[in-house]
1. Just in the range 110-141: which trypsin sites (Lys or Arg not before Pro) are loop by DSSP and have at most 14 other Cβ atoms within 10 Å?
2. Report the residues of the range 40-55 in range of a label on Lys8: point 7 Å along Cα→C-beta, backbone N strictly under 13 Å from it.
3. If contacts are Cα pairs under 8 angstrom and at least 6 residues apart, what is the relative contact order of the chain in percent?
4. I'd like to compare 129-142, 34-47: which one has the highest average count of other Cβ atoms within 10 Å, and what's the full order after that?
5. To the nearest 10 degrees, how steeply does helix 101-112 sit against the main Cα axis of the chain, on a 0 to 90 scale?
6. Which aspartates and glutamates, if any, have their Cα less than 13 Å from the Cα of Lys110, not counting same-chain residues under 8 positions apart?
7. Measure nothing fancy, just the Cα-based angle from helix 65-74's long axis to the longest principal axis of the chain, in degrees from 0 to 90, nearest 10.
8. With labels modelled as points extended 7 Å from the Cα through the Cβ direction, what inter-label distance (nm, one decimal) is found for Phe74 paired with Asp146?
Amino acid sequence: MSSGLAEKVLTPEMRAEIDHWLTKYPEDQKQSAVIPALHVVQDNSGGWLRREQMDAVAEYLGMDPVAVYEVATFYSMFDLEPVGRHKVNICTNICCWLKGAEDIVAYTEKKLGIKLGETTPDQRITLKIEEECLAACTGAPMMVVDGHYYTDLTPEKIDQILDALE
């Protein structure tokens, strides 16, 4: 990795936002800001992370690149390939499953004309792979769209949510 990669790859705005997060951690624990730093980069880069960007985050935070890759590949909120403008995650864990998540997934796939893990041909929506738990069991079945939680899903509610996406 070349010296100064972070300065070349991360925009001044990205670095300023990452710096904001760094103030929340002790100086000797800068790596604790890796998740917010990856969010900053992903949110400002078309919704996905490139290897060079992860390397730049690693350099900026003083981490081994492999440690950043481990975080980015572990959490489903990070994407390492191009995605649609909107990301839809449907919970399929036990509470949601018992309340009809399987039918919600099937309905959403049919409505969008794609399967889990695919993106609509117009690049508008990516239907992410199944989520094990999104921590909203009392509102099952539920999904997250671009970070916003929607609970007590029905086909009609899904129509309203997805049709409202630009």
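1. Lys115, Arg124
2. Counting only backbone N, you get 52-53, 55.
3. Numbers: 230 pairs, mean separation 29.7, N = 166.
Reported relative contact order: 18 percent.
4. Details: 129-142: 16.9, 34-47: 18.6.
Peptide ranking by packing, descending: 34-47, 129-142.
5. Computed tilt is about 80 degrees.
6. Result set, ordered by chain and number: Glu102, Glu118, Asp159.
7. 10 degrees
8. 2.9 nm
Read the figures in this text as sums done on the coordinates, not as results from a lab. Keep in mind that what you see is a predicted model, and the values were worked out from it rather than measured. Cβ coordinates were reconstructed from backbone atoms using ideal geometry, including for glycine residues, and neighbour counts include every protein chain displayed.
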